[in-house]
Amino acid sequence: RCEIKVLTLYAFSTENWTRPEDEISLLMRTLISVLGHKAKELHRNGVKIHFIGRREGIPAAVLEAMKQAMFLTKDNGTMTLNIAFNYGARAEIIDAIKAMNQDIIQGKLQKEDINESIFQSYLYTKYDSEQDHNPLYEHTKVCDEWHNYQVFAEWYTNNVQKFLDKGEIPKIDKDLLS
């Protein structure tokens, strides 16, 4: 039996705002409708719903549906379902850097203390790293392209962790970097 503690589903990327307005409107109405009944089912199954991504630009009705789903399921612990909505990896990295910079300005963080662990603590999924597991990332694109998804977390989970589990340090072929 496979126990998945965290699953991230990609629902709407920051790039999706370039779609036709009627298509975006349909997607927003669909999310509200699906959340209305699926949140209750997920709650009964002990699933915590969490949304990652920027809140700016999301219609008020969608934000309210997201808020209600998160509130209903906030105390659940069987599994965490991250829904990446208005999410982009570049946006996540920029937001993390801005938050770190703000903490440096306010004296809450020293730039000398910044490392991978500190950086990860500023990402949208910061609470995932506090748990003892590797989250599962899933996207709906039917190809191997990771089109602005959680690049840092996904690559680490699927590549580096495999080598570390074996006690090996991965060799990086220079051709892979070009």
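Which GluC sites (Glu not before Pro) from the stretch 1-70 combine a DSSP loop assignment with at most 16 other Cβ atoms within 10 Å?
Numbers: sites: 3, 15, 21, 23, 41, 56, 64; in loops: 3, 56.
Filter output for the stretch 1-70: 3, 56.
Heads up, I need the accessible area for residue 117: 1.4 angstrom probe, whole protein in place, Å², nearest 10.
Number for this one is 80 Å².
Given a Förster radius of 45 Å and the C-beta distance between residue 114 and residue 15 as r, what FRET efficiency does 1/(1 + (r/R0)^6) yield to the nearest 0.05?
Efficiency computed from Cβ-Cβ geometry: 0.95.
Can you pick out the pairs among 5/74; 5/38; 74/126; 5/40; 48/108; 5/98 whose Cα atoms lie more than 23 Å from each other?
48/108; 5/98
Set the Förster radius R0 to 22 Å, insert the Cβ-Cβ distance between residue 103 and residue 54 as r into 1/(1 + (r/R0)^6), and round the FRET efficiency to 0.05.
Taking R0 as 22 Å, the efficiency between residue 103 and residue 54 is 0.70.
Which order do you get for 124, 87 if you rank them by accessible area with a 1.4 Å probe, largest at the top?
124, 87
Amide H to amide H under 5 Å from residue 13: which residues, 5+ apart in sequence or cross-chain, H placed 1.01 Å off N in plane?
Amide H neighbours of residue 13, under 5 Å, 5+ apart: 86, 87.
Quick one: which residues, 5 or more positions from residue 51 or on another chain, have an amide H under 5 Å from its amide H? H modelled 1.01 Å from N in the peptide plane, none for Pro or chain starts.
Correct list: 83.
Per 10 Å bin from zero, what fraction in whole % of the C-alpha pairs of the stretch 1-80 is there, up to the bin with the longest pair?
For the stretch 1-80, the binned pair fractions read 16, 48, 27, 8, 0 percent.
The values are calculated or read from the model by the stated rules, or taken from the named source; none is laboratory data. Quantities reported herein were computed from a predicted structural model and do not represent experimental measurements. Backbone-built Cβ (ideal geometry, glycine too); neighbour counts: all protein chains shown. Accessible surface areas use protein heavy atoms only, side chains included; no ligands, DNA or RNA. Shrake-Rupley method; radii C 1.70, N 1.55, O 1.52, S 1.80 Å.
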